[in-house]
């Protein structure tokens, strides 16, 4: 099969100061192959792909890419344009689209020479139409990206790469923000493209997808490649052992009797700019010892629901009650003081202040407490001691508690937030997409902490677009669609999927 190699990474090494992100990594990719690249958070997956795409310059190693005749040629490293010219495209986990432009403009942006006096919009539209017909990826070309759902934006990102005639496509967590139905559609399209010769590397933490859609699996651990395996020879236990060096323990789930209500929303509405950020006459109850799972397609009012519970959105009608106390005008401070712990959807934007230290972020919601400050002066020694303890208890890895929080990886930022929330023993926990983008070890730790809080007596609102996560953790399930909540009758995956699509009420 060596004659079909389209990409060869040879002993790629990258250091950031004293940290070795990748150490002499070798990797090959064949024509028409889907290669899954796995590893824990911080294992070096994204760094490796960023070197391939030219965002990072490796400290050592080379990359060879097949040309039009199939011969391997050295790739000029450190230049994204060289990667694009060689037929390599990359779709990042965090979208890089201009929300004020429509899909058509986003797709062609950067692909036309600056010296062009007139843009060939008709030609671009025709080429995109051919790509959409061939791949099954559909997008409304004249709709601004800012008005699209997350799944639609993901399709625009992939179309943008395919428009540049890439032969190698790198997808970093391609389904992290997609529902199971959208993910299946995406991989059906990818399968059709690989049968035509496209080669794909995809980074993922969802082992069900890896086992269903990839041909081969490569695993990184602590910046080094620790093994490869054909997908049809692998299972979840084998992959987990390769990723973490040991079996991942399962958290036992106990049957508990729900207690008194800790959260009640009655006929609550939120008027937003669109249905994506609105709620309509929502009623729900969450009790002690209970996890209420909220399943839904992205952009159906989840952000509005989370905003009300966290105190960021004001309801236009209806009532919100926490632990039998009505909260007329919710604010973040009121909700925190009412005993609400908040795990936000966007951990970078809403979960931390990146310029502040890890230690400061650990206490950022407790700045009025005497353990943290006296007469407005922060108790630095106590804050650092608290951070030392929590980083050890929650395995928050990074350059230290005095380093800026933005220097942590996404998984370790999530661990920081979990430490801050669970340490306060909240009555109610809002867990909004708590495992998005996390590796299986980190996701298992989140699940363990949530189940522990449930056992302790907390009520939990779990908002997740990962239906498997909802099914595994929730005691009750409600589906959100167009800003309305519907109680799920049973736990049938296909039935709930149809409710999420709005086909059942």
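Selection of the stretch 2-33 for residues being in a loop (DSSP other than H, G, I, E, B), at positive phi and exposed (fewer than 15 other Cβ atoms within 10 Å of the Cβ) yields only 17. The strands (runs of 3 or more DSSP E) found entirely in the stretch 421-505 that carry 1 or more residues being touching a residue at least 40 places away in the same chain (Cβ under 8 Å) and in contact with a helix residue (DSSP H, G or I) (Cβ under 7 Å, 6 or more places away or on another chain) are 428-432, 459-464, 476-481.
Determine which member of the set 411, 457 is at pLDDT 95 or above and closer than 30 Å to residue 360 by Cα. Walk me through how you get there before you give the answer.
Values: 411 fails: at pLDDT 95 or above.
Unique residue meeting the criteria: 457.
Table: residues versus (1) within 24 Å of the chain's Cα centre (by Cα); (2) surrounded by 19 or more Cβ atoms within 10 Å (Cβ to Cβ); (3) under 25 Å from residue 305 (Cβ atoms).
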| site | (1), (2), (3) |
| --- | --- |
| 386 | no, yes, no |
| 396 | yes, yes, no |
| 417 | yes, yes, yes |
| 428 | yes, yes, yes |
| 439 | yes, yes, no |
| 449 | yes, yes, yes |
| 452 | yes, no, yes |
| 461 | yes, yes, yes |
| 469 | yes, yes, yes |
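All told, residue 220 meets the bar of being in a strand (DSSP E or B), crowded, with 17+ Cβ neighbours inside 10 Å, touching a helix residue (DSSP H, G or I) at 6+ places or on another chain (Cβ under 7 Å) and on the phi < 0 side of the Ramachandran plot.
For every residue, the table says whether it meets (1) outside the structural domain of residue 300 (by TED's automatic domain parsing); (2) closer than 29 Å to residue 51 by Cβ; (3) modelled with pLDDT under 85.
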residue: 140; (1), (2), (3): yes, no, no
residue: 143; (1), (2), (3): yes, no, no
residue: 149; (1), (2), (3): yes, no, yes
residue: 163; (1), (2), (3): yes, yes, no
residue: 177; (1), (2), (3): yes, yes, yes
residue: 191; (1), (2), (3): yes, yes, no
residue: 198; (1), (2), (3): yes, yes, no
residue: 207; (1), (2), (3): yes, yes, yes
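Residues being within 24 Å of residue 483 (Cα to Cα) and modelled with pLDDT of 85 or more are entirely absent from the stretch 228-250. Residues that are crowded, with 21+ Cβ neighbours inside 10 Å and in a loop (DSSP other than H, G, I, E, B) were ranked within the stretch 34-73; the one that is nearest to the chain's Cα centre (by Cα) is 41. At pLDDT below 90, in a helix (DSSP H, G or I), crowded, with 18+ Cβ neighbours inside 10 Å and touching a helix residue (DSSP H, G or I) at 6+ places or on another chain (Cβ under 8 Å): does that describe residue 309? Here the answer is no, as residue 309 does not meet what is asked. Answer yes or no: is there a residue in the stretch 326-334 that is surrounded by fewer than 22 Cβ atoms within 10 Å (Cβ to Cβ) and touching a residue at least 40 places away in the same chain (Cβ under 8 Å). No, there is no match, as no residue in the stretch 326-334 is surrounded by fewer than 22 Cβ atoms within 10 Å (Cβ to Cβ) and touching a residue at least 40 places away in the same chain (Cβ under 8 Å).
Would you confirm whether or not the stretch 402-412 contains a residue that is touching a strand residue (DSSP E or B) at 6+ places or on another chain (Cβ under 8 Å), buried (at least 17 other Cβ atoms within 10 Å of the Cβ) and closer than 27 Å to residue 335 by Cβ? Outline the logic, then answer.
Step one: of the stretch 402-412, the residues touching a strand residue (DSSP E or B) at 6+ places or on another chain (Cβ under 8 Å) are 402-405.
Add one more test, that the residue is buried (at least 17 other Cβ atoms within 10 Å of the Cβ), and what stays is 404-405.
Next, only the ones that are closer than 27 Å to residue 335 by Cβ stay: 404-405.
Checked the stretch 402-412: at least one residue is touching a strand residue (DSSP E or B) at 6+ places or on another chain (Cβ under 8 Å), buried (at least 17 other Cβ atoms within 10 Å of the Cβ) and closer than 27 Å to residue 335 by Cβ.
For the stretch 343-361, state whether one or more residues are in a loop (DSSP other than H, G, I, E, B), in contact with a strand residue (DSSP E or B) (Cβ under 8 Å, 6 or more places away or on another chain) and buried (at least 19 other Cβ atoms within 10 Å of the Cβ). Among the residues of the stretch 343-361, at least one is in a loop (DSSP other than H, G, I, E, B), in contact with a strand residue (DSSP E or B) (Cβ under 8 Å, 6 or more places away or on another chain) and buried (at least 19 other Cβ atoms within 10 Å of the Cβ), which makes the answer yes.
The values are calculated or read from the model by the stated rules, or taken from the named source; none is laboratory data. Being a predicted model, the structure only gives us computed values, none of them experimental. Don't worry about glycine lacking a Cβ; one is built from the backbone with ideal geometry, like all the others, and counts go over all protein chains shown.
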